[in-house]
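Written out below as C-alpha coordinates is the structure these notes cover.
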Amino acid sequence: METKKYSKTSIRSIPPSHMVEYLVRIIHPSSEKLAGLSRADKFTLLNDYSADCKNKIEEWIHAEGLESEVFNIAEPTAFNMLFITCAPEVAERLKNTDVVLSVSRNPDLYLDLPN
(Lines give C-alpha, C1' and ligand atoms only; values in the text may rest on other atoms or scores of the structure.)
Protein backbone atom coordinates (compact mmCIF):
# COMPACT_ATOMS: atom_id res chain seq x y z
CA MET A 1 0.00 0.00 0.00
CA GLU A 2 1.45 3.31 -1.06
CA THR A 3 0.70 6.40 0.96
CA LYS A 4 0.36 9.65 -0.92
CA LYS A 5 2.17 12.59 0.58
CA TYR A 6 0.69 16.02 0.24
CA SER A 7 3.09 18.83 0.73
CA LYS A 8 2.32 22.46 0.91
CA THR A 9 5.09 24.94 0.47
CA SER A 10 4.22 28.26 1.97
CA ILE A 11 6.01 31.47 1.20
CA ARG A 12 4.65 32.90 4.42
CA SER A 13 6.70 32.48 7.58
CA ILE A 14 4.02 33.85 9.89
CA PRO A 15 0.54 32.34 9.88
CA PRO A 16 -2.42 34.54 8.97
CA SER A 17 -4.02 36.20 11.97
CA HIS A 18 -7.14 33.97 11.87
CA MET A 19 -5.05 30.80 12.32
CA VAL A 20 -4.09 29.34 15.69
CA GLU A 21 -1.77 26.55 16.81
CA TYR A 22 -3.59 23.49 18.15
CA LEU A 23 -2.39 20.46 20.05
CA VAL A 24 -3.94 17.45 18.34
CA ARG A 25 -3.87 14.19 20.27
CA ILE A 26 -3.79 11.25 17.88
CA ILE A 27 -4.32 7.51 18.19
CA HIS A 28 -1.45 5.33 19.35
CA PRO A 29 -0.69 1.61 19.44
CA SER A 30 -2.39 -0.50 22.07
CA SER A 31 -0.55 -1.68 25.17
CA GLU A 32 -0.64 -5.19 23.73
CA LYS A 33 1.27 -4.09 20.62
CA LEU A 34 3.91 -2.38 22.76
CA ALA A 35 4.26 -5.22 25.28
CA GLY A 36 7.48 -7.16 24.98
CA LEU A 37 9.14 -4.71 22.61
CA SER A 38 12.54 -3.28 23.33
CA ARG A 39 12.74 0.43 24.05
CA ALA A 40 14.13 1.10 20.56
CA ASP A 41 11.36 -0.94 18.91
CA LYS A 42 8.69 0.88 20.94
CA PHE A 43 10.16 4.22 19.88
CA THR A 44 10.15 3.14 16.23
CA LEU A 45 6.57 1.87 16.41
CA LEU A 46 5.35 5.06 18.10
CA ASN A 47 7.12 7.21 15.52
CA ASP A 48 5.61 5.16 12.70
CA TYR A 49 2.10 5.51 14.17
CA SER A 50 2.49 9.28 14.47
CA ALA A 51 3.81 9.60 10.91
CA ASP A 52 0.93 7.47 9.61
CA CYS A 53 -1.60 9.64 11.47
CA LYS A 54 -0.01 12.80 10.07
CA ASN A 55 -0.29 11.36 6.55
CA LYS A 56 -3.94 10.46 7.12
CA ILE A 57 -4.68 13.96 8.40
CA GLU A 58 -2.94 15.47 5.35
CA GLU A 59 -5.00 13.21 3.07
CA TRP A 60 -8.19 14.28 4.88
CA ILE A 61 -7.26 17.97 4.55
CA HIS A 62 -6.68 17.47 0.83
CA ALA A 63 -9.91 15.49 0.35
CA GLU A 64 -11.91 18.18 2.17
CA GLY A 65 -10.24 20.98 0.17
CA LEU A 66 -8.94 22.70 3.30
CA GLU A 67 -5.32 23.28 2.24
CA SER A 68 -5.71 27.06 2.31
CA GLU A 69 -6.95 26.91 5.92
CA VAL A 70 -3.96 24.95 7.25
CA PHE A 71 -0.68 26.78 7.69
CA ASN A 72 1.52 24.04 9.18
CA ILE A 73 1.55 20.52 10.55
CA ALA A 74 4.64 19.93 12.67
CA GLU A 75 6.75 16.86 12.17
CA PRO A 76 5.50 13.82 14.09
CA THR A 77 7.34 12.44 17.11
CA ALA A 78 7.06 9.32 19.27
CA PHE A 79 4.44 11.11 21.36
CA ASN A 80 0.82 10.79 20.28
CA MET A 81 0.39 14.44 19.45
CA LEU A 82 0.82 16.83 16.56
CA PHE A 83 0.95 20.59 16.51
CA ILE A 84 -1.22 21.98 13.73
CA THR A 85 -1.59 25.65 12.87
CA CYS A 86 -4.94 26.14 11.18
CA ALA A 87 -8.22 27.99 11.15
CA PRO A 88 -10.51 27.25 14.12
CA GLU A 89 -13.09 25.69 11.79
CA VAL A 90 -10.54 23.11 10.61
CA ALA A 91 -9.60 22.28 14.21
CA GLU A 92 -13.25 21.71 15.04
CA ARG A 93 -13.70 19.41 12.04
CA LEU A 94 -10.49 17.50 12.85
CA LYS A 95 -12.20 16.20 16.00
CA ASN A 96 -14.40 14.02 13.79
CA THR A 97 -11.61 12.20 11.95
CA ASP A 98 -10.80 8.62 12.86
CA VAL A 99 -7.16 9.25 13.90
CA VAL A 100 -7.78 12.24 16.20
CA LEU A 101 -8.62 11.73 19.87
CA SER A 102 -8.85 15.40 20.87
CA VAL A 103 -8.00 18.92 19.73
CA SER A 104 -7.15 21.77 22.07
CA ARG A 105 -5.77 25.21 21.56
CA ASN A 106 -2.07 25.34 22.35
CA PRO A 107 -1.63 27.86 25.15
CA ASP A 108 0.76 30.68 24.53
CA LEU A 109 3.95 30.53 26.56
CA TYR A 110 5.22 33.80 27.90
CA LEU A 111 8.52 34.16 29.68
CA ASP A 112 8.92 37.05 32.06
CA LEU A 113 12.66 37.53 32.27
CA PRO A 114 14.16 40.13 34.59
CA ASN A 115 15.98 43.03 32.97
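The values are calculated or read from the model by the stated rules, or taken from the named source; none is laboratory data. For clarity, every value in this text was computed on a predicted model and none was experimentally measured. Every residue, glycine among them, receives a Cβ derived from its backbone with ideal geometry; neighbour counts consider all protein chains shown.
The table for this structure:
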read-out: Qualifying residue in the stretch 67-83 (condition: assigned to a helix (DSSP H, G or I) and touching a residue at least 24 places away in the same chain (Cβ under 8 Å)); value: yes
read-out: Enumeration of residues in the stretch 88-97 that are touching a residue at least 40 places away in the same chain (Cβ under 8 Å), in contact with a helix residue (DSSP H, G or I) (Cβ under 8 Å, 6 or more places away or on another chain) and either outside any loop (DSSP other than H, G, I, E, B) or not hydroxyl-bearing (Ser, Thr, Tyr) (or both); value: Leu94
read-out: Meets criteria (surrounded by 13 or more Cβ atoms within 10 Å (Cβ to Cβ), farther than 20 Å from Leu101 by Cα and modelled with pLDDT of 90 or more) for Thr85; value: no
read-out: Positions within the stretch 1-55 being in a loop (DSSP other than H, G, I, E, B) and at pLDDT 90 or above, in sequence order; value: Met19, Ile27, His28, Pro29, Ser30, Ala35, Gly36, Leu37, Ser38
